[in-house]
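A short worksheet on the structure shown next.
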Amino acid sequence: MTNSAHHLDAAAAEAYLMRYLAIDGVTGQEAAIAAAIVEDLKAIGVPASAIKYDTANERIPVPTQTGNLIVTLPGTKPGPRIMFSAHLDTVPLCAGAKPRREGDRIVADGTTALGGDNRNGCAMMVVMVETLMKHKLPHPPITLLFTVREESGLHGARELIASDLGGPVMCFNIDGRLASELIVGAVGQENWEVEITGKASHAGVAPDKGISATLVGAIGLAEAHAAGWFGKIVKPDGNGTSNIGIFGGKNNTSAGDATNVVTDYAYLRGEARSPTSEFAAKITEGYKAAFAKAQAQVKDTEGETAVVNFTHKAAYPPFNLAEDSPVVTLATKAVKTIGLEPVTIFSNGGLDANWLDKHGFPTVTIGAAMFEIHTIKEYVDVPEFIKCCKLAVVLATQES
């Protein structure tokens, strides 16, 4: 297998990264970073006719400035089309990031996160294309996919239309850590929420005439925990995790507003994750049963109970690629080509890869040298980033 990685211009790779890290583009507000990438791709020599935005933002249920950015490049040698993907957005903590080099690391100024998740992936894709075109490296047809709103629910990947991508047979999603690590599968997630409508009464004068929505919620969580559905879950027929994230009132307010009133409304929202959709749904059903049991335990003097409305829906599907599948085989060979020993990983977090795989594009997520993401301690390891860039070049040029 030819090692094309030596053609990579490390200084150019770092320059693209520093440029993108300094551009604001929190989730849902990706227009500016997308425009910068388009500008750079055109400067490299990518024709405008190869660059387009899709209409995913019209289908995303929350405001989103732009659709996914899609670039379709012709091949310079025969072979099936491959795809590289990365998400454009960052978490809100990255707003106003001021990147600087500090030894072998790129860091922010300590007041924001950095945004290496996932400006690293964006820079890797641009420098990969520049390397291919500058050195006329033979490559098959390639699609570049820059998604929107990954951080707020994998929306861009979920809402894309597969036929917009030019027919790739496999994908390499750039959203990991080390160049040696290949994420070949990930859990699926179910989101659940419950609205509990109780009955208000004076908590000092006649608490027994009220129905406490907060008590129903608390008992429901305790019942879920007692039944083994809370936190880390291991059952004979499956495993997973769950969590309660929000316990409050209407419109992000508190559940109740006075200690002398029995709380008449509470809203809870949580999640369940598992390697299989069936078991993630089963975890959620465990919560539903727990809240039903809690409902029956809390009554007023007339024997009435709260109204409990429990709903749930799938957030994203799980996937798990076979070790001998073509995309995993190709990624494994590429890691070895740059002198590293590949390690395959199953992730307990959702990725764009979950939806890309669902759309029919088997996807391995590769490293991008991002560390301490979503915190003000976030940094990019520059030597590792260069390794990741080299990996992308090799993946784009090797035989499938």
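Observations, loosely collected:
- Number of residues in region 210-254 that are closer than 15 Å to ARG269 by Cα and in a strand (DSSP E or B) equals 9.
- So GLY349, is it in a loop (DSSP other than H, G, I, E, B) and under 27 Å from ALA162 (Cβ atoms): yes
- Condition met for ALA203 (without any contact (Cβ under 8 Å) to a residue 60 or more places away in the chain and in contact with a strand residue (DSSP E or B) (Cβ under 7 Å, 6 or more places away or on another chain)): yes
- Residue list for region 109-120, restricted to those being in contact with a Leu (Cβ under 9 Å, 6 or more places away or on another chain) and either among the aromatic types (Phe, Trp, Tyr) or surrounded by 24 or more Cβ atoms within 10 Å (Cβ to Cβ) (or both): LEU114, GLY115, GLY116, ASN118, ARG119, ASN120
- Among the residues listed as LEU93, LEU165, the single one being within 21 Å of the chain's Cα centre (by Cα) and either without any contact (Cβ under 8 Å) to a residue 40 or more places away in the chain or surrounded by fewer than 22 Cβ atoms within 10 Å (Cβ to Cβ) (or both): LEU93
- Of the numbered criteria (1) polar (S, T, N, Q); (2) open to solvent by 80 Å² or more (accessible area, probe 1.4 Å); (3) over 23 Å from GLY231 (Cβ atoms), the one GLN297 fails is (3).
- Taken together, the criteria place ILE211 among residues that are open to solvent by less than 10 Å² (accessible area, probe 1.4 Å) and out of contact with any helix residue (DSSP H, G or I) (no Cβ under 9 Å at 6 or more places or on another chain).
- Residue among GLU285, GLU341, GLU302, GLU323 that alone is part of a helix (DSSP H, G or I) and open to solvent by 80 Å² or more (accessible area, probe 1.4 Å): GLU285
- Residues in region 29-57 that are surrounded by fewer than 20 Cβ atoms within 10 Å (Cβ to Cβ), out of contact with any strand residue (DSSP E or B) (no Cβ under 7 Å at 6 or more places or on another chain), not in a helix (DSSP H, G or I) and not polar (S, T, N, Q): GLY45, PRO47.
The values are calculated or read from the model by the stated rules, or taken from the named source; none is laboratory data. On a predicted model such as this, the values are computed, not experimentally measured, just so you know. Every residue, glycine among them, receives a Cβ derived from its backbone with ideal geometry; neighbour counts consider all protein chains shown. Heavy atoms of the whole protein, side chains included, go into the accessibility calculation; ligands, DNA and RNA do not. Shrake-Rupley method; radii C 1.70, N 1.55, O 1.52, S 1.80 Å.
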